[in-house]
1. Of all alpha-carbon pairs in the range 139-243, indicate the percentage at a distance above 21 angstrom.
2. Describe numerically, in nm with one decimal, the distance between label points set 7 Å from Cα along Cα→Cβ at residue 304 and at residue 318.
3. For the range 321-350, list residues with backbone N below 14 Å from a point placed 7 Å from the Cα of residue 227 toward its Cβ?
4. At R0 = 25 Å, how high is the FRET efficiency between residue 336 and residue 136 if r is their beta carbon distance? Nearest 0.05 is fine.
5. Place the peptides 233-242, 464-473, 486-495 in order of packing, highest mean first, counting for every residue the other Cβ atoms within 10 Å and averaging per peptide.
6. Read phi for every residue in the range 278-289 and hand back ³J(HN,Hα) as whole Hz from Karplus 6.51 cos²θ - 1.76 cosθ + 1.60, θ = phi - 60°, with x for Gly and Pro.
7. log₁₀ I(q)/I(0) of the range 107-201 at q = 0.16, 0.20 Å⁻¹, via Debye over equal Cα point scatterers, no solvent, to two decimals?
8. Contour minus end-to-end for residue 366 and residue 209, with contour as 0.36 nm per residue of separation and end-to-end as the Cα-Cα distance?
Amino acid sequence: MSVIMNDGAAHEYTECPQMSSQYPVEGAQSSAACAASSESSEESEKSSKLKHIVYFPEDGAVLPEVKELAGDSRGYNVGSSCKRLPSFSQDELLHFRSGLAWIGLDQSTPAKVALSWFLFFLFTFAVPCFNFSVVSCSNCDKNHTHPFELLVQYAESTLAAVSFLCLSYTLRTYGLRGTLLLDKMIRERNEVRQGYEHQLHTPFSLLAWILLPSFVIELSFRVWWYAYASISVPFIPNDPRLNMVLCAVGMLSWLYRTSIFLFMCVLFRLMCSLQILRLQGYNNLLKGTPKVSVILLEHLRIRTQLLTISHRFRVFLVLSLLTISFTLMLALFVMLGSAHSINFFRAGDLVVCTAVQLTGLVICLHGAAKITHRAQRIVSIVSQWHALATCTPNAVTASAAKTSGVDACQQDPAVLYGPAHPLLYNDSSDDLETLMPSFPCGLESPMHDMEAYQKRHALVTYLQHSRAGISLYGFVLDRTFLYSMSGVTVSLTLFILGKTIFA
């Protein structure tokens, strides 16, 4: 069976009857294991062949053969030996790869890499520069001039270049599966895996809905512009059909550059949405276990993936934020200087460019802020649990006396609720009174265990100082960052107003 790995290449895998339903094993290493059982189970092998589906193994259910392939006598690396290996016909990334191919970002083979870079240079630099050089409207009246053409072309090409270079580097370094962090899914629960697969089908639908209204407005503006503009190409006579060709090529260039930028924004939002699913699974873990070691290790895994997302997208986010800020402030300065002559036919492309930039910026900031606050909410949950377990231990204790009806003095309250247990977050006053009764038999004393207290205190301290979430070079994208960014924007706007209108 041929499967696709992170490097985009196809590898051959042997289907062993004992392992084929869940665990594919590669090449020569699996032939010896399958040879011993193939003679005695030919009929069962025919009925148990893979039907182009490769499943996630359950947590901890790793076969001895796979453990030997890991080459570690003390344990095994589940991530490297049991990655999800889809076949061609039912690859859950097939739709995603098709979307990448349609917007010219598929770089799975050397030929596709060359085609992707050719389209990038053609539509990002060659076509805009050619159109700006040969298309002019020197004989047009004041209401039909195009004063913002250079600014719009600069902004769109810069954002497209930043998006393409960042995405190309990420795909070339980590592969598509590594970029989407699907290679980390081996330890997740079934509901989280299903949520991952559902979310993978949403980004291109969202991209289409964003592009559709912008495309209609941009098309109407371009048709008007090329109807009035004159084209002077050396050695080519002026022909109305040439205007139509350049208009079509210009629209393709706009569509390509806008799609690349918005796709990077939607991809970042997708990564944040996938991590929200993991945090929901972590919240379920907090409801069910009071073990500090389990809570800490799982949080370390989530924090590592959030740091991975931050490092892979921080260059794109910073450069996009600077480009958008510079473009918007310069456009505001120019428009306020000639506000009396601004209309759709003069500034229609600037309106579309600004709307696309703000849409992408809002998508990125909303996704980052949402995942950051979901991660930071864990601190308050665990802190409340630690405080209740220390000050009123019986409030977080599921004692046997509560469930068996036996006298509380004859039972040991040895079971703690998890930090996110529903009983700890009930607003009903009656339920709160039942959670914190008096302690007639000294039930409080066993819970004051110094070792348990130190573990909880260490966990709370770690959570308070880890600041899990999406960050840009140490600056966490939370509400404080958004407030600061809004303040800087208002200050720059007032400065520009002071230099133009109130001057």
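1. Details: 3473 of 5460 pairs.
Cα-Cα pairs of the range 139-243 separated by over 21 Å account for 64 percent.
2. 2.5
3. 345-346, by backbone N distance to the label point.
4. Details: r = 26 Å, r/R0 = 1.02.
Step by step, r from the Cβ atoms, then E = 0.45.
5. Going by the mean number of other Cβ atoms within 10 Å, highest first, we get 464-473, 486-495, 233-242.
6. 5, 5, 5, x, 5, 5, 5, 5, 5, 6, x, 10
7. For the range 107-201 at q = 0.16, 0.20 Å⁻¹, log10 I(q)/I(0) is -0.83, -1.02.
8. Details: separation 157, 0.36 × 157 = 56.52 nm, distance 1.77 nm.
Gain in length upon complete extension: 54.8 nm.
The values are calculated or read from the model by the stated rules, or taken from the named source; none is laboratory data. Everything numeric here is computed off the predicted structure, so don't read it as measured data. Note: ideal-geometry Cβ built from the backbone for every residue, glycine included; neighbour counts use all protein chains shown. Calculation scope for accessible area: heavy atoms of the full protein, side chains included, ligands and nucleic acids excluded. Shrake-Rupley method; radii C 1.70, N 1.55, O 1.52, S 1.80 Å.
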